[in-house]
Amino acid sequence: MKSLGLHYLNEQRILAMSESVVAMGVSALLLWAVFIYVKFVPSASGLSRRIGYLVAFFAMMTLLGAAGLWLTFLTIVAVYGL
């Protein structure tokens with residue numbers, strides 16, 4: 001018996017995302033990250049502190065992206081199976 005989630009997705013005929021849609025999504029996320037950094041990361045007096053804030057911000061954004069990819073993988077495994 002097929003998975004209910006797989007059956008639903010087959011009925012909906014979900015289309016694959018094209019390259020332009022993915023590029024626009026990546027651009028929007030990068031702009032959002034720049035906005036968050038400029039608006040909410042405090043400015044520091046020294047150049048070394050500013051670089052430290054940038055490195056910490058970049059590390060956190062990378063970890064959030066990796067967590068999102070992991071969650072997406074788990075969701076796909078839950079829907080389609082391994």
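Data table
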{"item": "Test set (1) out of contact with any helix residue (DSSP H, G or I) (no Cβ under 6 Å at 6 or more places or on another chain); (2) at pLDDT 75 or above - A33 fails condition number", "result": "(1)"}
{"item": "Every residue from the range 50-82 that is open to solvent by 100 Å² or more (accessible area, probe 1.4 Å) and at pLDDT below 85", "result": "R50, Y80, L82"}
{"item": "S45 at pLDDT 85 or above and out of contact with any strand residue (DSSP E or B) (no Cβ under 6 Å at 6 or more places or on another chain)", "result": "no"}
{"item": "Output for the range 16-27, where each listed residue is open to solvent by 60 Å² or more (accessible area, probe 1.4 Å) and part of a helix (DSSP H, G or I)", "result": "E19, S20, V21, V22, M24, V26, S27"}
{"item": "Pairs with Cβ under 9 Å, 6+ apart, first in the range 45-68 and farther than 13 Å from V34 by Cα, second in a helix (DSSP H, G or I) and open to solvent by 100 Å² or more (accessible area, probe 1.4 Å)", "result": "G65/L29"}
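The values are calculated or read from the model by the stated rules, or taken from the named source; none is laboratory data. Remember, predicted model here, so these are calculated numbers, not experimental data. All Cβ positions, even for glycine, are placed from backbone atoms using ideal geometry, and neighbour counts span all protein chains on display. Accessible surface areas use protein heavy atoms only, side chains included; no ligands, DNA or RNA. Shrake-Rupley method; radii C 1.70, N 1.55, O 1.52, S 1.80 Å.
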